[in-house]
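The values are calculated or read from the model by the stated rules, or taken from the named source; none is laboratory data. Just so it is clear, the model here is predicted, and its values are computed rather than measured. Neighbour counts run over all protein chains shown; Cβ positions are idealised from the backbone, glycine included. For the accessible areas, the whole protein counts, side chains as well, though only heavy atoms, and no ligand, DNA or RNA atoms are used. Shrake-Rupley method; radii C 1.70, N 1.55, O 1.52, S 1.80 Å.
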Amino acid sequence: MYPETASELPSAPLPGPSSGLDPELLAALAEAADALPEWAESLAPEDRLDGDLALDESEFAALDALLRERFGADLGALRAGLDLDGLAALTVGDLAELVRR
């Protein structure tokens, strides 16, 4: 039997803060990317920092400084330990894990 209304469909988590991402992390991403806060609200854990968000090196540097200041997290050290494939695969979810440590 098929659900007849949308309210009977299983709900999937929406991207952004409701997907478990720290609002402070999202604010840091928006600030580093020089984007509006609404932009960060659309982010999902699987979004790649390089490929999907297209962060450049100056934005990574700004993000590193913000994460150090707000969370004591070292994005530079994380990135230094990755090869090119690892850098390309780095996600918003990876940042969330970094700031939880």
Quiz prompt | Segment residue 65-residue 89, length gained on full extension (0.36 nm per residue, minus Cα span) | solution = 6.5 nm
Quiz item: So which GluC sites (Glu not before Pro) in region 38-72 pass both tests, a DSSP loop state and at most 16 other Cβ atoms within 10 Å of the Cβ?
Solution: 46
Self-check item: Largest to smallest accessible area among 49, 84 [probe 1.4 Å]
Solution: 84, 49
